[in-house]
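These notes concern the structure reproduced below.
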Amino acid sequence: MKGENLLLGMTHIDNNLIDFAESYKKRKRTSYKAILSIAASFCLIMSIVMIFATNSHKQKYELGEDGKINILSIPGAIQINTSDKVFLAGEGDIYTPEDFVNVQKSNGSTIIYGSAKNVKTINVTDGDLTWYITTFEIDVIDAIKSVDESSTIKATSISCYENDKPHFIGNLSSNIMIDKNTTGLFLLKSAPTDEYEINGEKYSADMFASYYVMRQYECDGKSFDYYGTTIEVDKLRSP
Amino acid sequence: MLNDKQIVNLYFERNEEGIRQTSLKYGFRLRNIAKGILNNDEEVEECENNTYIQAWNLIPPNDPSDYFFPFLAKIIRHICLDVCKKNRSKKRYVQYIELSKELEECLSSPNDVDEQIDYIELCKTISNFLNTQTDEKKFIFLRRYWFFDNICEIAKKAELSESKVKATLHRLRNELKIYLQKEGYVL
């Protein structure tokens, strides 16, 4: 039988092969299972670290029930009186009374005759910069444009000073006087999402409130003074 | 423990201490080869003793000091296979036949031309074939057809699954058949 003879004949195989087969030790291959386990563990650890870091980041300030930041919890925040230098009195664009009326009627602003409450103001020092952030609520007395009359809205203002001089980071400015008169005519717009970096943390106006206060006018509910011209509130109402 | 050269010198000096030293150094490994083929302690011991006697008779004139273990391993394998062939009724003979049949797959001629084959030359060709294979494949083939290991044992030693070992052996037999044909063994 050929196979049998071949089996017998194989006795004469190369000496090196016999030594090899006697002393062969399988070289340890890289275990893909082990690599996968290590990779999975690494991902898990990284995920935990990321979650921790993210949570740590979020926990740097408190969020209120409305999901907005409680400005008093901002790191480095110092609560101050609203009568202190808080609100930037920038004039912005000045129109003729007629143009002002036309612009306000046609743009996306919100106009309220109302009364401010729960005013909170802080300052945060960041190097040469000092940030002033104010949040307050406005009880709507007369919904003149783009707001529900029965509502109370939350508004904010942000100002920045550098060495006691106004610093127009983000081109936002507010000219409000709730420290003198809480009731008045408020010009508001949707709070912008532009980010400002304060002590390494990024904030935007919409993180504090839904509305950004552009201007407050002294008003008796019927008319207000615009650079010496009396404008009827009714002229600003939405059509 | 003496080195191979020193042990072989004892054979040349016709010093029986050579056999004792051989047994001391290689007895265990030789018995393992015999066990793989016979699996019977009495027969294994007898084959081991016969191996030493045959080595005693072969040295001199042979000087296997550079390949002493393979020299002894070949002797004990040959003796064990002779025993296996003689005891055809025993269980181990079944494996012997099984392996013979597996190897026969590598040879495609009818049995009647068998006597014309120079099996020593053929083994050189098989050695060359094995030397072209990876260590793992080489190991599997040799453990199966030289050391008579069963599939389970090979799988354990090679840290592979039994199915992988079987598949490797099947492929190797096919490759060997083609190799032998290319080398002129149209058997």
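The values are calculated or read from the model by the stated rules, or taken from the named source; none is laboratory data. Predicted model, so just to flag it, every value in this text is computed and none were measured. Using ideal geometry, Cβ is built from the backbone for each residue, glycine included, and neighbour counts are taken over all protein chains shown. For accessibility, only protein heavy atoms count, side chains too; no ligands or nucleic acids. Shrake-Rupley method; radii C 1.70, N 1.55, O 1.52, S 1.80 Å.
Tell me, what HN-Hα J-couplings in whole Hz come from the Karplus equation 6.51 cos²θ - 1.76 cosθ + 1.60 at θ = phi - 60° for each residue of the range A:198-208, using x for Gly and Pro?
Calculated HN-Hα couplings, in order: 10, 6, x, 9, 9, 10, 9, 4, 6, 7, 9 Hz.
Could you tell me which of rounded, prolate or oblate describes chain B, using a ≥ b ≥ c as the square roots of the eigenvalues of the alpha-carbon gyration tensor, with rounded for a/c under 1.5 and, failing that, prolate when a/b is larger than b/c and oblate otherwise?
Values: a/c = 1.74, a/b = 1.59, b/c = 1.10.
Prolate is the answer for chain B, as a/c is 1.5 or above and a/b outweighs b/c.
So what is the relative contact order for chain A, in percent, with contacts set as C-alpha pairs under 8 Å and at least six apart? Don't jump to the answer; show the numbers that get you there.
Values: 400 pairs, mean separation 40.7, N = 239.
For chain A, the relative contact order is 17 percent.
Can you list the residues of the range B:38-87 that have at least 10 square angstrom less accessible area with all protein chains present than in their chain by itself, probe 1.4 Å?
B:TYR67, B:PHE69, B:PRO70, B:LYS74, B:ARG77, B:HIS78, B:LEU81, B:LYS85
At most 12 other Cβ atoms within 10 Å and a DSSP loop assignment: could you name the trypsin sites (Lys or Arg not before Pro) in the range A:156-215 that fit? Each step should come with its number before you reach the end.
Working: sites: A:LYS180, A:LYS189, A:LYS202, A:ARG215; in loops: A:LYS180.
In loop regions of the range A:156-215 (DSSP not H, G, I, E or B), the sparsely surrounded trypsin sites (Lys or Arg not before Pro) are A:LYS180.
Just to be sure I understand: if you take the accessible area of chain B alone plus chain A alone and subtract the pair, with a 1.4 Å probe, what total do you get in Å², rounded to 100? Show your work: numbers first, answer last.
Working: alone 11220 and 14950 Å², together 22550 Å².
Approximately 3600 Å², summed over both chains.
Which shape class applies to the range A:90-153: rounded if a/c is under 1.5, otherwise prolate when a/b exceeds b/c and oblate if not, where a ≥ b ≥ c are the square roots of the Cα gyration tensor eigenvalues? Walk me through the numbers on the way to the answer.
Working: a/c = 3.33, a/b = 1.33, b/c = 2.50.
Judged from the Cα gyration tensor, the range A:90-153 comes out oblate (a/c at least 1.5, b/c at or above a/b).
Express the accessible area of the protein assembly as shown per residue in Å², computed with a 1.4 Å probe while the remaining protein chains stay in the model.
Numbers: 22550 Å² over 426 residues.
The answer is 53 Å² per residue.
Can you give the FRET efficiency to the nearest 0.05 for A:ASP19 and B:ASN15, using r as the Cβ-Cβ distance and R₀ = 30 Å? Before the final figure, lay out each step's value.
Values: r = 26 Å, r/R0 = 0.85.
It comes to 0.70.
What does the accessible area of A:ASP194 come to, in Å² to the nearest 10, when a probe of 1.4 Å is used?
Roughly 80 Å² of A:ASP194 is accessible to a 1.4 Å probe.
At 1.4 Å probe size, with the rest of the protein present, what percent of the exposed accessible area of chain A is carbon and sulfur atoms? Don't skip to the answer; put the middle values down first.
Values: 6550 of 13000 Å².
Taking all protein chains in place, chain A shows 50 percent carbon and sulfur surface.
In chain A, which whole DSSP H runs stretch at least 18 Å along their own axis (Cα) and average 1.0 or higher on the Kyte-Doolittle scale?
On the way: long enough: A:32-58 (38 Å, 1.25).
In chain A, the long hydrophobic H runs are A:32-58.
Counting each DSSP H run of 4 or more residues in chain B as -39500 (n - 2.57), what helix-only mean residue ellipticity at 222 nm follows after dividing by all residues, to the nearest 500 deg cm²/dmol? List each step's numbers first, then the result.
Working: 9 runs with 135 residues, N = 187.
Calculated at 222 nm, the ellipticity per residue is -23500 deg cm²/dmol.
Could you work out the relative contact order of chain B, using alpha carbon pairs under 8 angstrom and six or more residues apart, expressed as a whole percent?
Across chain B, relative contact order equals 21 percent.
Can you give the accessible area of B:LYS137, probe radius 1.4 Å, in Å² rounded to 10?
Only protein atoms counted, so the area is about 70 Å².
Run the count for the range B:105-182, please: Lys pairs, Cα-Cα under 16 angstrom, 8 or more apart or on different chains.
Total qualifying Lys-Lys pairs in the range B:105-182 comes to 16.
Place a label point 7 angstrom from the Cα of B:THR125 along the Cα-to-Cβ direction, then list the residues of the range B:158-185 whose backbone nitrogen is under 20 Å away.
The answer is B:170-185, whose backbone nitrogens lie closer than 20 Å to the label point.
So what are the ³J(HN,Hα) numbers for the range A:133-150, from phi and the Karplus equation (6.51, -1.76, 1.60; θ = phi - 60°), rounded to whole Hz, Gly and Pro as x?
Whole-Hz 3J(HN,Hα) from phi for the range A:133-150: 10, 10, 10, 7, 10, 10, 7, 6, 9, 9, 7, 7, 8, 6, 7, 7, 5, 7.
For chain B, what % of the accessible area comes from carbon and sulfur atoms, probe 1.4 Å? Walk me through the numbers before you get to the answer.
Numbers: 4540 of 9550 Å².
The nonpolar share, carbon plus sulfur, comes to 48 percent.
In chain A, which longest range has no chymotrypsin sites (Phe, Trp or Tyr not before Pro) that are both DSSP loop (not H, G, I, E or B) and surrounded by at most 15 other Cβ atoms within 10 Å? Working shown, then result.
Details: sites that count: A:TYR95, A:PHE168, A:TYR227.
Between exposed loop sites, the widest span is A:1-94.
Based on the alpha-carbon gyration tensor of the protein assembly as shown and its eigenvalue square roots a ≥ b ≥ c, which shape applies: rounded if a/c is under 1.5, prolate if not and a/b is larger than b/c, or oblate?
Details: a/c = 6.05, a/b = 4.25, b/c = 1.43.
Prolate, since a/c reaches 1.5 and a/b exceeds b/c.
If you fit an axis through the alpha-carbon atoms of helix B:41-58 and take the longest principal axis of the Cα set of chain B, what angle between them do you get, 0 to 90°, nearest 10?
70 degrees
Long-range amide H contacts for A:SER204: which residues qualify at under 5 Å (H placed 1.01 Å from N, peptide plane, sequence gap of 5 or more or a different chain)?
Sorted by chain and number, the residues that satisfy this are A:TYR196.
Go through A:HIS167, B:HIS170 and list them by solvent-accessible area, largest first, probe radius 1.4 Å. Don't jump to the answer; show the numbers that get you there.
Working: A:HIS167 60, B:HIS170 90 Å².
Correct descending sequence by accessible area is B:HIS170, A:HIS167.
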